[in-house]
1. Hey, can you tell me all the residues within segment 131-167 that are hydroxyl-bearing (Ser, Thr, Tyr) and free of Cβ contacts under 8 Å to residues at least 12 places away in the same chain?
2. Taking segment 70-96 only, how many residues are within 25 Å of Ala175 (Cβ to Cβ) and in contact with a strand residue (DSSP E or B) (Cβ under 6 Å, 6 or more places away or on another chain)?
3. Could you check segment 25-54 and list, in sequence order, the residues that are modelled with pLDDT of 90 or more, of a type in the set (A, V, I, L, M) and within 22 Å of Lys139 (Cβ to Cβ)?
4. Restricting to segment 128-143, name every residue that is surrounded by 15 or more Cβ atoms within 10 Å (Cβ to Cβ) and either aromatic (Phe, Trp, Tyr) or touching a strand residue (DSSP E or B) at 6+ places or on another chain (Cβ under 6 Å) (or both).
5. Tell me, please, whether a residue that is more than 30 Å from Glu150 (Cα to Cα), in contact (Cβ under 8 Å) with a residue 24 or more places away in the chain and surrounded by fewer than 22 Cβ atoms within 10 Å (Cβ to Cβ) can be found in segment 1-18.
6. If you go through segment 27-41 one residue at a time, how many are without any contact (Cβ under 8 Å) to a residue 40 or more places away in the chain, surrounded by fewer than 18 Cβ atoms within 10 Å (Cβ to Cβ) and not in a loop (DSSP other than H, G, I, E, B)?
7. Return the only residue of Ile96, Ile68 being part of a helix (DSSP H, G or I) and without any contact (Cβ under 8 Å) to a residue 24 or more places away in the chain.
8. Report, ordered by the first and then the second residue, all pairs with beta carbons closer than 8 Å, sequence separation of six or more or different chains, a first member in segment 110-129 that is basic (Lys, Arg), and a second member that is modelled with pLDDT of 95 or more.
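The values are calculated or read from the model by the stated rules, or taken from the named source; none is laboratory data. All values reported here derive from a predicted model rather than from experimental measurement. Every residue, glycine as well, gets a Cβ built from its backbone with ideal geometry; the counts of neighbours run over all protein chains shown.
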Amino acid sequence: MDFKHVIWDFDGTLFDTYPHTAQAFLNLLRKEHMIHENILEIQEQMRVSMQHAYDYYKDKYEIDDEFIAKFENYRVIYENRYVLPHINAHMVCRFIYDQGSVNYLCTHRDNSVISMMQKHGFDEIFKDYVTAENKFPKKPNPAGLLYLIEKHSMNKDETLYIGDRSIDLECAGAAGVKFCLFKENVNKTLEIGEADFSVQNFSDFYYILNATLTTRNNEQ
């Protein structure tokens, strides 16, 4: 398989956001409502989707939209301070770039993620971004992926989408591109066999992409 275009999800894929996003949510639950929730439970709800987590805790604790709005503001500040890329994420993206292939980002998050990408040097090796500012429907709707594919004239057979959730898998399938699951130990939402590729860490990404990209270069 020869991937000339690699489209990345942000939360839980490029950046290790879930532990910190869940901690920010827990901090605010404690401050506003004196609620002590299991942080791993918060993470699992967020891994389905943020909207799923909001709906779940609205039902469980009767939190309101005002709380969610406060969290969204607090979340940006907290994540900018604490969130880091996954180990070796930059190395893998740099390898893709150096081999002549192209990195893209497709996320529901707002443009605050671009600031985090810039902070850690990813902006130099990424060609384009789709964020909430593009106003596309949320995944698993493939509109964001299809926008990038059309804009950059990608051959779908040469395009790989990388994410960590079931909605990412569904999105890739609907867009007609291959999917690689980044499967952390705490992610129980998918079975390995459901994705075209499945990895536990970024070192595994490197070996998959090394084989495909190096093969192309050797044939040139």
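1. Within segment 131-167, just Ser153 meets the criteria.
2. First, the residues of segment 70-96 that are within 25 Å of Ala175 (Cβ to Cβ): 85-86, 89, 92-93, 95-96.
If we keep only those that are in contact with a strand residue (DSSP E or B) (Cβ under 6 Å, 6 or more places away or on another chain) as well, we get 85, 93, 96.
Here the count works out to 3.
3. Ile42, Met46, Met50, Ala53
4. Tyr129, Val130, Phe136
5. no
6. Number of matching residues: 6.
7. Values: Ile96 fails: without any contact (Cβ under 8 Å) to a residue 24 or more places away in the chain.
Matching residue, one of Ile96, Ile68: Ile68.
8. Here the result reads Lys127/Val102; Lys127/Asn103; Lys127/Tyr104; Lys127/His152, each pair linking segment 110-129 to a residue that is modelled with pLDDT of 95 or more.
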